[in-house]
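A short write-up of the structure that comes next.
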Amino acid sequence: MRKCARCEKTSQMGGHRILLRGHYNPTNWTRKYPNLQYTTIDGKRQLVCTGCLRTLNKAPRKAVRKTAVAAATK
C-alpha cells in the first residue's frame, strides 16, 4: 500500500447514499487515495503527500525570544 513517507497518510474508504424520492439506494464503497508525489529528501527519492510537500518547501521561521517580543509590545 502506498503511503506518505513523512506523515504516513494512506488511502481511506468512503461512500454516500443517493436518496431517490424516499427509496433507499445503497452504493458501493470507494477508496480515496492521497495525492502522493515523488520528491528527493536527504538524497533519497520518496513518496510524499502534497500537504507535507508544501510544508517542506516553506521557509523556516526565525526563532524569536519571548522577552524580546514582550519588550516590543510595551
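The values are calculated or read from the model by the stated rules, or taken from the named source; none is laboratory data. If you're wondering where the values come from, they're calculated on a predicted model, not measured in any experiment. Using ideal geometry, Cβ is built from the backbone for each residue, glycine included, and neighbour counts are taken over all protein chains shown.
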Original post:
Looking at Arg21, is it basic (Lys, Arg), surrounded by 10 or more Cβ atoms within 10 Å (Cβ to Cβ) and at pLDDT below 95?
Top reply: no
Subject >> Of residues in the range 32-70 being of a type outside the set (D, E, K, R) and part of a loop (DSSP other than H, G, I, E, B), the one surrounded by the most Cβ atoms within 10 Å (Cβ to Cβ) >> reply: Pro34
**OP:** Filter the range 52-74 down to residues that are of a type in the set (A, V, I, L, M, F, W, C) and either touching a Leu at 6+ places or on another chain (Cβ under 8 Å) or at pLDDT 85 or above (or both) and give me whichever is nearest to Lys3 (Cα to Cα).
**Re:** Cys52
Original post:
Are there any pairs, at least 6 apart or on different chains, whose C-beta atoms fall under 6 Å, with the first in the range 9-31 and outside any loop (DSSP other than H, G, I, E, B) and the second of a type in the set (Phe, Trp, Tyr), and if so, which?
Top reply: Met13/Trp29
Subject >> Selection status of Thr39, in contact with a Leu (Cβ under 8 Å, 6 or more places away or on another chain) and without any contact (Cβ under 8 Å) to a residue 24 or more places away in the chain >> reply: yes
